[in-house]
Amino acid sequence: MALAEGSALPDFSLPDQTGATVTLADLKGKPFVLYFYPKDDTSGCTSEAIAFSGLTSDFDALGVPVIGISPDPVKKHVKFVEKHDLKVRLLSDEEKIFLEACGVWVEKSMYGKKYMGVERTTVLVSADGTVAKLWSKVKVPGHAEAVLEAAKAHSSS
């Protein structure tokens, strides 16, 4: 099932970079941002994480946490966070269960080779756990700022 605006976010229980388990139930009751990204420490994913980290205080002021999710293991997330001084929480979905449930684990193609990977996608989730806004096939430049503007609009409505 691919995510769509107005649809319920599938339930999840995933470890973050500290090893703490994060669930949908933990986050419900306030809006939050989930961004799905392919791989720690690659150029686009690093740029995206740094952009969201740079806006953390703005998101915090709205009461909207930003959480990244990739199939990388927790240990890799720890190194990624430390190397780039990231301020976002990163969840690990090594089994790709939540990634598949959200429809972001897809067949991709590079240089004619097909492979499975994460389609860069961001979701602004409402306090009730439904998708308020969805960005598919994200291009990184300016994206974190666009998500912040949507979060501002959503939190004031």
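The values are calculated or read from the model by the stated rules, or taken from the named source; none is laboratory data. Since this is a predicted model, take the numbers as computed values, not measurements. Positions of Cβ are backbone-derived with ideal geometry, glycine not excepted, and every protein chain shown enters the neighbour counts. For accessibility, only protein heavy atoms count, side chains too; no ligands or nucleic acids. Shrake-Rupley method; radii C 1.70, N 1.55, O 1.52, S 1.80 Å.
Here are a few things to note about the model shown:
- Leading residue by the ranking (surrounded by the fewest Cβ atoms within 10 Å (Cβ to Cβ)) among those in the range 1-15 that are touching a residue at least 24 places away in the same chain (Cβ under 8 Å) and not in a loop (DSSP other than H, G, I, E, B): Ala8
- Thr18 vs. criteria of a type in the set (Val, Ile, Thr) and assigned to a helix (DSSP H, G or I): no
- Leading residue by the ranking (farthest from Val123 (Cα to Cα)) among those in the range 16-35 that are of a type in the set (Ser, Thr, Tyr) and open to solvent by less than 60 Å² (accessible area, probe 1.4 Å): Thr23
- Residue check, Lys139 of a type in the set (D, E, K, R) and in a loop (DSSP other than H, G, I, E, B): yes
- Members of the range 94-118 that are among the hydrophobic types (A, V, I, L, M, F, W, C) and part of a strand (DSSP E or B): Trp105, Val106, Met110, Met116, Val118
- Among the residues of the range 21-36, those that are of a type outside the set (S, T, N, Q) and in a strand (DSSP E or B) comprise Val22, Phe32, Val33, Leu34, Tyr35, Phe36.
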